[in-house]
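These notes concern the structure reproduced below.
The values are calculated or read from the model by the stated rules, or taken from the named source; none is laboratory data. None of the values given here were measured: they were computed from a predicted structure. Cβ coordinates were reconstructed from backbone atoms using ideal geometry, including for glycine residues, and neighbour counts include every protein chain displayed. Side chains are part of the model used for accessible areas, which takes the heavy atoms of the whole protein and leaves out ligands, DNA and RNA. Shrake-Rupley method; radii C 1.70, N 1.55, O 1.52, S 1.80 Å.
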Amino acid sequence: MSQPAETVAVPTRREIPAELTWDLTPLYAAPAAWEADLARLDDLLAPVLALQGRLDSAAAVARLLDAETALDRVLEKLHTYAHLRHDEDTADDANQAREARIRARYAELAAQCAWITPELLAHPEEEIRAWMEAPELRDSRRTLLKVLRNKPHVLSAAEETLLARGAEVFTASEQTYGLLTNADLAFPDVPGPDGRPLPLTEGTYRAHLENPDRGVRKAAFETLLGGYGKLQNTFASTLSATVKTHVYVAQIRHFPSALEAALFDDQVPTAVYDGLISATHEALPAFHRYLDLRRRALGLPDLDMYDLYAPLVPACAAKVPMAEAREGVLAACAPLGADYGAALRTAFAARWIDWPENKGKRSGAYSSGCYDSPPYLLLNYHDRLDDAFTLAHELGHSLHTWLANRAQPPRMAHYPIFLAEIASTVNELLLTHHLLAQPNEPAFRAHLLNHLCDSFKGTVFRQTMFAEFERDLHRWEEAGTPLTAEFLRGRYYELNRKYYGPGLAAHPAIGHEWCRIPHFYYDFYVYKYATSFCAALVFARRLRAGAGVDAYLGLLRAGGSRDPLDAVAAAGVDLRDAGVLREAFAEFGAVLAELETALAVPEK
Ligand SMILES: [Zn+2]
C-alpha cells in the first residue's frame with residue numbers, strides 16, 4: 001500500500017516556523033519556571049490541610065475553598081503546560097517525563113484533598129444554606145449548591161468507603177469490553193475494487209463505507225458486523241453487566257431510575273430526554289425524504305445500511321490554505337459582533353494555535369487551556385475544507401472558554417459538557433452558511449448542503465436512536481427483562497427499521513451493531529450531542545438574521561455559573577420547550593429542500 005503524500009514529508013518539531021506554533025510563554029517562559037511552580041505545591045497545600053476538621057463557620061469554609069482554588073489554579077496551569085508540551089512532540093523524553101510527573105502529583109493531591117466534600121456534606125442542610133448566603137462565599141455558591149443537592153444521594157461514610165473500594169469491580173465489564181474491541185477483536189481483509197485485499201479494522205471501516213464501490217461497502221459492512229455477531233453473547237454479557245451497575249448504583253443512591261440518576265448532575269428533567277426522542281420521531285418523514293434523495297443521487301434501486309456514508313457529491317478537492325481559513329472564520333463569525341471578532345484576532349495574533357502536523361505530534365484536534373492561560377488549539381492542518389471546519393469548531397470551544405474565564409470567578413467558569421458542543425457547532429454552521437453565500441460551483445454548493453444534512457443524520461437522528469436504545473436498555477433491566485444477545489439483536493434491528501424507515505433495505509447484520517457502540521457504556525451521554533446540535537442550529541439561524549447576539553454571548557460568558565438548561569433558556573433557546581426542537585428540524589427540512597434543488601436528480 002502506498003503512503004499518503006502528506007505522511008512522507010512530515011517535518012520535525014524544530015523545522016516548524018515559530019509563527020505556526022502556539023506560544024506557551026504566557027504559561028511559563030521556560031521549563032525552569034514550571035519546575036519552580038511545581039516546587040510551590042506543598043506550600044499551597046498546607047493551608048488546605050490546616051483546615052481539616054475545622055469547618056465551623058462561613059469564614060473557615062471560605063478560607064478552605066479559597067486555599068483549594070489557589071492550589072487548583074497552579075495545579076491546572078502546571079498540568080496544561082505539561083500536556084500541551086507533551087502533545088506537540090509525544091516522542092520527546094523531557095516532555096514525557098514532565099507530563100508523567102504532574103499526573104502523579106495530581107493523583108496524590110486529589111487523595112490528600114478527598115476529605116473536603118465529605119466534611120462539607122456532614123454539616124446540616126440549614127448550615128450549608130446559611131454559608132451560601134455569606135458574602136465571602138459568593139464565588140463558591142455553586143460548589144455549595146452542588147454539595148447540598150447531592151446530600152440526599154450520598155450514603156454513610158462506611159457505605160461510601162465500600163462503594164469507592166468496589167469501583168474497579170463496577171467498571172470491570174466496561175474494561176473487558178474495551179480490551180475485547182480495541183485489542184483482541186480482529187477482522188479478515190475484504191476484497192478491494194480491483195480484487196486486492198483491503199485491511200478491515202474499526203479504524204478503516206468508515207473509509208470503506210465511503211468507498212464509491214458498493215461491493216467494497218457491502219463486504220466491509222457484512223464482515224465487520226458479522227465479526228461482532230460471532231461474539232454477541234459476550235457483548236450481551238458486558239453490556240448487561242454495565243447496565244446492571246448503573247441501575248444498582250441509582251437504586252442505592254435513592255434515585256427513582258438510572259436515567260434520573262444520570263441526568264441529575266445537569267439537572268435535566270427526564271421530560272427533556274423523552275421530548276428529544278418524540279420530536280425526532282415526528283421528524284422522521286423528513287429524514288426518510290433525505291434517505292430517498294441519497295438513493296436517487298447514488299443511482300441505486302434500493303438503499304441499504306452500507307450506503308449511508310457513500311459520497312453523494314464527488315470528493316471535494318477545494319484547498320483552503322491557513323490564511324484563507326483564518327479570513328473565512330473571521331468573516332463567518334461577523335454576526336457575533338466586534339468583540340467576538342477582536343477575540344478571534346487575538347487568538348491568531350497571540351498564537352493560541354498550533355497549526356501544522358509535525359513528527360510525534362498528537363493526531364486530531366482539540367481546544368485546551370486553564371483559568372490562567374489562553375485557551376490553546378491543537379490542529380493538524382492540511383489545507384482541506386474539513387480542516388477549515390475543524391478550525392472553526394475548535395475556535396468555538398476556545399472563545400467559549402476565553403469569554404467564560406474572563407466573566408466568571410474560577411469556581412464558576414468551567415462549562416458542563418451539556419453546553420460544550422453548542423459554541424463549536426454554531427461556528428461550524430456560520431462557516432457553512434458563509435461559504436454557501438459565496439458565488440460557488442454547483443457541485444461545491446451541493447457538497448456543503450449535503451455536509452450539513454449528513455451532520456444532522458449523524459448527530460441528531462443517529463445519536464437520538466442510540467439515546468432511545470440506551471433508555472430502553474435501562475428500562476428493560478429495571479423491569480427484570482434479561483438482556484440476552486438475541487433479545488438485544490431483535491430490538492436493535494426493529495429500532496433501526498423505525499428510524500431509517502420503510503424505504504431502506506435493512507440488512508439483517510445491522511442487528512449486531514449495538515455490540516460495537518462504546519457509548520452504551522457511558523451512562524446516558526449521547527443525547528447531549530443531539531440537544532447541543534439542535535440548540536446550535538437555532539442559535540446560528542437567529543444570529544444570521546442579526547437576532548439574539550447579546551443573549552448568545554451571555555450564554556458563553558455564563559460558563560458554569562448556572563445549570564445548563566437555565567443558561568440556554570436565558571439566551572432564548574429553552575430546550576424544555578418542544579418548539580425549539582421543531583425549529584431545529586424545520587431548519588433541516590429547509591436545507592434538505594435546497595439540497596434537492598442543488599442535486600436535481602430525477603424522481604424514482
Ligand atoms: Zn467539539
All but one of (1) touching a residue at least 60 places away in the same chain (Cβ under 8 Å); (2) basic (Lys, Arg); (3) surrounded by 15 or more Cβ atoms within 10 Å (Cβ to Cβ) hold for Arg491, so report the exception by its number.
(1)
Which pairs have Cβ atoms under 6 Å, sit 6 or more apart or on different chains, and link a residue in segment 116-137 that is more than 15 Å from Lys151 (Cα to Cα) to one that is of a type in the set (Phe, Trp, Tyr)?
Leu137/Trp131
Among helices (runs of 4 or more DSSP H) entirely within segment 410-516, at least 3 residues that are more than 16 Å from the ligand (Cβ to nearest atom), among the hydroxyl-bearing types (Ser, Thr, Tyr) and on the phi > 0 side of the Ramachandran plot occur in none
Residues of segment 295-324 being farther than 22 Å from Gly501 by Cβ and either without any contact (Cβ under 8 Å) to a residue 60 or more places away in the chain or of a type in the set (Lys, Arg) (or both), which ones?
Ala315, Ala317, Lys319, Ala323
Restricting to segment 167-195, count the residues that are assigned to a loop (DSSP other than H, G, I, E, B) and either at pLDDT below 90 or out of contact with any Asp or Glu (no Cβ under 9 Å at 6 or more places or on another chain) (or both).
6
Any idea which of Ala94, Ala30 is surrounded by fewer than 13 Cβ atoms within 10 Å (Cβ to Cβ), farther than 30 Å from Glu127 by Cβ, of a type outside the set (Lys, Arg) and in contact (Cβ under 8 Å) with a residue 24 or more places away in the chain?
Ala94
Sole exception among (1) away from the ligand (no atom under 16 Å from the Cβ); (2) assigned to a loop (DSSP other than H, G, I, E, B) for Asn405, by number:
(2)
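Based on this model, can you work out whether Asp386 counts as at pLDDT 95 or above, among the acidic types (Asp, Glu), out of contact with any strand residue (DSSP E or B) (no Cβ under 8 Å at 6 or more places or on another chain) and open to solvent by 30 Å² or more (accessible area, probe 1.4 Å)?
no
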Single match in Arg206, Arg196 (criterion: farther than 30 Å from His246 by Cα and in contact (Cβ under 8 Å) with a residue 40 or more places away in the chain)
Arg206
Looking at the structure I just gave you, is Arg129 of a type in the set (Lys, Arg) and open to solvent by less than 70 Å² (accessible area, probe 1.4 Å)?
no
Might you let me know whether segment 75-96 holds any residue that is at pLDDT below 95 and either closer than 25 Å to Ala413 by Cα or hydroxyl-bearing (Ser, Thr, Tyr) (or both)?
yes
